[in-house]
Amino acid sequence: LGIPRSIEEVVSVWAVAKSGAAFVPVDPTYPAERIDYMLTDCHAMVGLTVSDRRAHLPDTVPWLELDDPKFEARLRSVPADPITDDDRTKRLHLAHPAYLIYTSGSTGKPKGVIVTHRGMANLTKEEHERFGVHPKSVVSHLASPSFDASVFELMMAFGAGARVVPCMR
């Protein structure tokens, strides 16, 4: 996901998670070499971005530009029904990867760390118990997409049905 903090980022993370696929959050302001390394290392199959960021991203994967009118037209042809296990290529299990986050690389090359759906569920439960998030809460989305706190912020809101507000840079 090479998308800055925006509604497109929030929708993309949620859509990928619901599909059963794993996502790799990528800060599009990172150097192209680092992004290329992350996408190559994790064997990413496709990237999601917006048109004003595409030129800054390496050609490591095919990129879908979410604000491209052709892509938007393709999306309108897909049913809006909720995704079920019947729609996925295989049944989704709690032990499956939900996302892969890369370390800072302070000791050399960044390393990818897999977080499972169970791990995300446990994180979300802990957030709600610890912070008292509820459906009327508003959660700021401030962190860089490549920082694990970005997922922390989104899950805090998603898991409670709360409002998430992306704070643009």
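The values are calculated or read from the model by the stated rules, or taken from the named source; none is laboratory data. The model shown is predicted, which means the values in this text are computed figures rather than measured ones. Cβ placement follows ideal geometry from the backbone for every residue including glycine, while neighbour counts extend to all protein chains displayed. SASA here: full protein model, heavy atoms, side chains in, ligands and nucleic acids out. Shrake-Rupley method; radii C 1.70, N 1.55, O 1.52, S 1.80 Å.
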Descending accessible area (1.4 Å probe), largest on the left, turns 14, 63 into 14, 63
Ignoring ligands, DNA and RNA, how do 155, 38 rank by accessible area with a 1.4 Å probe, largest first?
155, 38
Debye log10 I(q)/I(0) at q = 0.20 Å⁻¹ for the chain, Cα point scatterers
-1.54
Once label points are set 7 Å from the Cα along Cα→Cβ at both residue 138 and residue 85, what is their separation, rounded to one decimal in nm?
4.0 nm
Suppose accessible area is computed on protein heavy atoms with a 1.4 Å probe; arrange 37, 99 from highest to lowest.
37, 99
Within the chain, percent of DSSP bridges classed antiparallel, to nearest 5:
35 percent
Using a 1.4 Å probe, how large is the accessible area of residue 72, given in Å² and rounded to the nearest 10?
70 Å²
Could you look at the chain and say what percent of its accessible area is carbon and sulfur, using a 1.4 Å probe and all protein chains?
59 percent
In the chain, how many lysine pairs have Cα atoms under 30 Å apart, counting only pairs 8 or more places apart or on different chains?
10
Full-stretch length increase - residue 109, residue 149 - with 0.36 nm per residue and alpha-carbon distance subtracted
12.4 nm
Would you tell me the accessible area of residue 138, worked out with a 1.4 angstrom probe on the heavy atoms of the protein chains, in Å² to the nearest 10?
90 Å²
Quick one: Cα centre-to-centre distance for the range 56-109 and the range 111-130, in angstrom?
19 Å
